[in-house]
Every structure is written in structure tokens, then in C-alpha cells.
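Structure first, commentary second.
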């Protein structure tokens with residue numbers, strides 16, 4: 001749906017973003033990718049659509065917009081946001097396998 005205001009999660013829902021999709025796709029193996037731009041231009045849609053297409057089980061999407069009003073994000077708040085992102089994707093066996101190999105991380109359930 002092109003004119004739906006919700007974040008798009010599929011490449012077929014993006015319009016005229018071929019260059020940005022290609023550049024982000026080609027950067028997926030980089031250790032850090034920064035996507036920036038004006039508000040409401042489709043950054044989140046671009047990121048989620050590309051990740052869902054090219055790395056469907058290899059990412060966490062952490063939406064920190066809930067902290068926009070505060071001057072900083074505390075460690076506790078960030079860890080909670082990370083936990084929420086992990087729990088939202090907890091159905092991925094591969095992801096759980098990777099996480100369980102990290103020292104200090106325990107997986108339950």
C-alpha cells in the first residue's frame with residue numbers, strides 16, 4: 001500500500017527507491033550502517049524492507065523513537081528496548097542459536 005502511513009516492510013511497497021535499496025543491500029556486510037535524512041521520508045521503511053528481503057533472520061530492529069522527548073537514553077532503557085526487539089523475533093531458531101553463544105546471555109523458553 002503506497003499511501004499507507006505505517007512503516008513498509010516489503011520492497012514491493014516502496015516506490016522509486018531502487019538506488020537506495022541497492023546501496024543499502026550492498027552495505028549489509030559492513031559493521032555499521034547509518035541511514036539519515038529528514039523526518040518522514042521513508043528511512044525506517046527502507047531499512048525494514050531491505051532487511052526483510054535480504055537478511056530476514058539476521059537483524060534486530062530497535063525503534064528508539066519512544067525516547068525522543070528525553071535528553072538521553074539510559075542503559076536500562078536501551079537494554080529494555082533490546083529485550084523487546086529480541087522477544088519480537090524470538091521465533092527464529094537461528095537467531096536464538098547465535099544469541100545463546102554469547103557469554104552472559106541466557107535463553108529461556
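Some points to look at:
- Residue 62/residue 16 FRET efficiency (R0 35 Å; Cβ-Cβ; nearest 0.05): 0.80
- Counting only DSSP H runs of at least 4 residues, each contributing -39500 (n - 2.57), and dividing by the residue count of the chain, the helix-based mean residue ellipticity at 222 nm comes to -12000 deg cm²/dmol.
- With a Förster radius of 30 Å applied to the beta-carbon distance between residue 28 and residue 70, the computed FRET efficiency rounds to 0.45.
- Alpha-carbon geometry of the chain: the Rg and the Dmax are 15.5, 44 Å, given in that order.
- Look at the Cα gyration tensor of segment 46-105: its axes a ≥ b ≥ c give a/c of at least 1.5 with a/b at or below b/c, and that counts as oblate.
Here, each number is a calculation from the coordinates, and none is a lab measurement. Since this is a predicted model, take the numbers as computed values, not measurements. Cβ sites come from the backbone with ideal geometry, for glycine too, and all protein chains shown count toward neighbours.
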